[in-house]
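A.B. asks: My structure is below; once you've seen it, I'll send some questions.
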Amino acid sequence: MTSKIRQLASVLTLVWVASFAASALAHGTDQEQIQHALMTTFDKPNNPLKVEPVVVQGDYAVAGWIQGDKGGRALLQKTKNEWQVSVCAGDGLTQAKVLETTGMPAAKAKALADAVVAAESKLTAHQRHLFGSFEGMMKVEPGQANHGQHGAHGAHTAPSK
């Protein structure tokens, strides 16, 4: 009887460890969660989305994206352990003063802007040019990005599903 209890305990322990590992993988790092959220929403088989770099500072993040010959940046905020796109823009999301206009505290805005510029300095000039090609600054209402309904001012549009 004792050996059956030990076997059952071993099996239960393995199940618990496996479910914990699967949960950790499903949630991933902030960068992985952000990339996954953008890819799930905007990636298209005939026009794949590339998300890079993803810069996280606390509950705020900026992700650069390129889709075909268009690009831009997305400002995300983490609420209730979920990353939500709050603004789509171009070069403005590399500037602390612009980030402050979204309600971000000045110190966080400066830290995030500096980190974005540093991360993007490792990319090609062409990639940075595409990020800046998103015209205007568009606020994304909760749930709007999940339906691929947002577009930018002018000739450029945000990625759509």
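A.B. asks: Please name all residue pairs, on different chains or six or more residues apart, with Cβ atoms under 7 Å, provided the first residue is in segment 29-57 and is within 20 Å of residue 86 (Cβ to Cβ) and the second residue is polar (S, T, N, Q).
C.D. replies: Pairs that qualify, where the first residue is within 20 Å of residue 86 (Cβ to Cβ) and the partner is polar (S, T, N, Q), are 41/146; 42/67; 42/160; 49/67; 51/35; 54/31; 54/35; 56/31.
A.B. asks: Also: Restricting attention to segment 73-100, which residues are over 17 Å from residue 120 (Cα atoms) and among the polar types (S, T, N, Q)?
C.D. replies: 77, 79, 81, 84, 86
A.B. asks: Return the pairs, sorted by first residue and then second, in which the second residue is part of a helix (DSSP H, G or I) and surrounded by 18 or more Cβ atoms within 10 Å (Cβ to Cβ), the first residue lies in segment 109-136 and is without any contact (Cβ under 8 Å) to a residue 12 or more places away in the chain, the beta carbons are less than 7 Å apart, and the residues are 6+ apart or on different chains.
C.D. replies: 128/120
A.B. asks: Sticking with this structure for a sec: Of all residues in segment 101-135, count the ones that are touching a Lys or Arg at 6+ places or on another chain (Cβ under 9 Å) and of a type in the set (Ser, Thr, Tyr).
C.D. replies: Residues meeting the conditions: 3.
A.B. asks: Also, quick follow-up: For segment 84-99, give me the residue count where each residue is outside any helix (DSSP H, G or I) and within 22 Å of residue 42 (Cα to Cα).
C.D. replies: 7
A.B. asks: Now, a different point. What's the total number of residues in segment 100-126 that are assigned to a helix (DSSP H, G or I), over 16 Å from the mean Cα position of the chain (by Cα) and crowded, with 17+ Cβ neighbours inside 10 Å?
C.D. replies: Total satisfying the criteria: 3.
A short reminder: the numbers here are calculations on the coordinates, not readings from a lab. Keep in mind it's a predicted model, so treat the numbers as computed, not measured. Don't worry about glycine lacking a Cβ; one is built from the backbone with ideal geometry, like all the others, and counts go over all protein chains shown.
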